[in-house]
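Taken together, the values in this text are just the output of simple stated rules run on the coordinates, not laboratory data. Nothing here was measured: the structure is a model prediction, and the numbers come from that model. Don't worry about glycine lacking a Cβ; one is built from the backbone with ideal geometry, like all the others, and counts go over all protein chains shown.
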Amino acid sequence: MRNNNSLLLVAATSALLAAVAHLICIVWGPDGYRFFGAGEQMARLAEQGHWYPVTITLVIVGVLIVFALYALSGAGIIRRLPLLRFALVGISLVFLARALGFVAIMPMFPENSLTFWLVSSGICFIIGASFACGTYQRWRALSKG
């Protein structure tokens, strides 16, 4: 059953693009981590060949791909995934909390610039709003099945 929802398609595409951006960090190496604002400590660890930057980045990639799959499921593009409504609401909240709560987590990452925080929070807000509004539009259809 195809009941495409353009906002959930935007959410899926955005999450996949974010996953690709994180993969670029790994491929590009230390300069990729610097360019995307991951901080000097992550870049130095990548220079040293430490496992941590690649592992953390791959975990983020995996989570973003799962989020994209849930958006595609909610849009009716792929089969219905378990706990779909709950997951879509949760994913919306994760992105919106990251977007709006960046001031609270800034002190944990002092090397990241204000530009990084503003740009990444804006991106998270757009993705979160796409998930939230798309979920809202499809709420009734998501309750069936």
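Listed values, structure above:
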quantity	calculated
With at most 14 neighbouring Cβ atoms within 10 Å, loop trypsin sites (Lys or Arg not before Pro) (DSSP) excluded, longest segment of the chain	3-78
Using alpha carbons only: equivalent-ellipsoid semi-axes of the range 63-145, gyration tensor based, whole Å	29, 11, 10
Burial ordering of 22, 50, fewest other beta-carbon atoms within 10 Å first	50, 22
Helix-only CD estimate at 222 nm, as mean residue ellipticity for the chain, using -39500 (n - 2.57) per DSSP H run (n ≥ 4)	-25500 deg cm²/dmol
Residue among 114, 97, 82 farthest towards the positive dipole end of the chain, charges placed on Cβ	82
The range 26-68: radius of gyration over Cα atoms, expressed as a fraction of 2.2 N^0.38 Å	1.14
The chain: DSSP helices with Cα axial extent of at least 15 Å and average Kyte-Doolittle hydropathy no lower than 0.5	6-28, 51-74, 84-100, 114-143
